[in-house]
Amino acid sequence: MKNIHDMIYDVRLEWEYARFKNLFSRTSGLLPHEHEMSPDSRRSLDDLNRKRQGLQKSISETFAPFKDVCRDCGGVCCYGHGSFYRAIDYWLQRRNGNAPLPSHAGEKEVRITPQRLYSILCRFLVTSGGSYDYIKENMKDKEKSPCGFLTVSGCRLDVSNRPVLCIVWVCPSLRKATNLRSRMRYIELVTQLYIICQRTADVIHTEHKAIRGNGRGNGRGSGK
Ligand code: SF4
Ligand code: SF4
């Protein structure tokens, strides 16, 4: 049975993951109009991207003492998803040669409702530990769609260029391995990362409104 600390940490991590996903769905609308972005917005996105890269490195360093867990596992969380790239990764990394076009431009919004929070709580009350089941579940999809960036020696992307969800996700095995200090540092950093992503979404939204307002987007993609 999990102790109260582990349970609070689990719920907090699920909450973080859900709110990142929720935020990402806001950033796909302007993709067809990227070439029309104003210089000011481009500069803001570049600045936010630099901050994101620094934070992703810091998050990775926070978990560095526990990296044996991931090395032994071989990247089970990288199977079964195709890739974790979302529209926001494209916006953040659009000048980076590693960034593929997002494959989730039409992704549905994941609302954080009281029901969703309740189901998160139930899941973690019922699946105490859970890491073995998690790995077993993910391995089922192993042959189906491993992430295109996964190699035998791990992810071939530098940690600063990995999709945000790859950084935010902490599987049950890794959760168990970490200590209180690293957990608190992780929460602190991931909160800052969320703010960066939120500001990115705000820049894109403001720009989107401007493009639609002056009719620049007529006749293309999602412009209505
Ligand atoms: S986060 Fe978990 S599933 Fe992913 S590589 Fe590390 S131990 Fe494996
Ligand atoms: S980008 Fe890297 S860390 Fe993310 S799922 Fe693919 S291989 Fe795994």
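Quick one: in the stretch 67-76, which of the residues that are near ligand 1 (Cβ under 9 Å from one of its atoms) and over 11 Å from GLY154 (Cα atoms) is surrounded by the most Cβ atoms within 10 Å (Cβ to Cβ)?
Applying the first criterion (near ligand 1 (Cβ under 9 Å from one of its atoms)) to the stretch 67-76 yields 67, 69-76.
From what is left, the residues that are over 11 Å from GLY154 (Cα atoms) are 67, 69.
On the way: LYS67: 13, VAL69: 16.
Applying the filter and picking the extreme gives VAL69.
What are the pairs, 6+ residues apart or on separate chains, where a residue within the stretch 148-163 that is among the aliphatic types (A, V, I, L, M) has its Cβ under 7 Å from a residue that is modelled with pLDDT under 80 and near ligand 2 (Cβ under 9 Å from one of its atoms)?
LEU150/GLY75; LEU150/CYS78; LEU157/PHE149
When you go through VAL203, VAL170 one by one, which is the residue that is assigned to a helix (DSSP H, G or I) and in contact with a helix residue (DSSP H, G or I) (Cβ under 8 Å, 6 or more places away or on another chain)?
Working: VAL170 fails: assigned to a helix (DSSP H, G or I).
Of VAL203, VAL170, the one residue that is assigned to a helix (DSSP H, G or I) and in contact with a helix residue (DSSP H, G or I) (Cβ under 8 Å, 6 or more places away or on another chain) is VAL203.
Every residue in the stretch 148-164 that is over 21 Å from ASP46 (Cβ atoms) and either touching a strand residue (DSSP E or B) at 6+ places or on another chain (Cβ under 9 Å) or away from ligand 1 (no atom under 12 Å from the Cβ) (or both), please. Give the steps one after another, and end with the answer.
As a first pass, look at the stretch 148-164 and keep what is over 21 Å from ASP46 (Cβ atoms): 148-156.
Those that are over 21 Å from ASP46 (Cβ atoms) and either touching a strand residue (DSSP E or B) at 6+ places or on another chain (Cβ under 9 Å) or away from ligand 1 (no atom under 12 Å from the Cβ) (or both): GLY148, PHE149, THR151, VAL152, SER153, ARG156.
Looking at ILE88, ILE59, ILE4, ILE8, which one is at pLDDT 65 or above, within 16 Å of ligand 2 (Cβ to nearest atom) and out of contact with any strand residue (DSSP E or B) (no Cβ under 6 Å at 6 or more places or on another chain)?
Details: ILE88 fails: at pLDDT 65 or above; ILE4 fails: within 16 Å of ligand 2 (Cβ to nearest atom); ILE8 fails: within 16 Å of ligand 2 (Cβ to nearest atom).
Answer to the selection: ILE59.
Among the residues of the stretch 62-85, which ones are more than 14 Å from ligand 2 (Cβ to nearest atom) and modelled with pLDDT of 80 or more?
In the first step, residues of the stretch 62-85 are kept if they are more than 14 Å from ligand 2 (Cβ to nearest atom); the result is 62, 64-66, 68-69, 72.
Scanning the stretch 62-85 gives THR62, ALA64, PRO65, PHE66, ASP68, VAL69.
The values are calculated or read from the model by the stated rules, or taken from the named source; none is laboratory data. Only a predicted model underlies this, so the values are computations on that prediction, with no experimental measurement involved. Backbone-built Cβ (ideal geometry, glycine too); neighbour counts: all protein chains shown.
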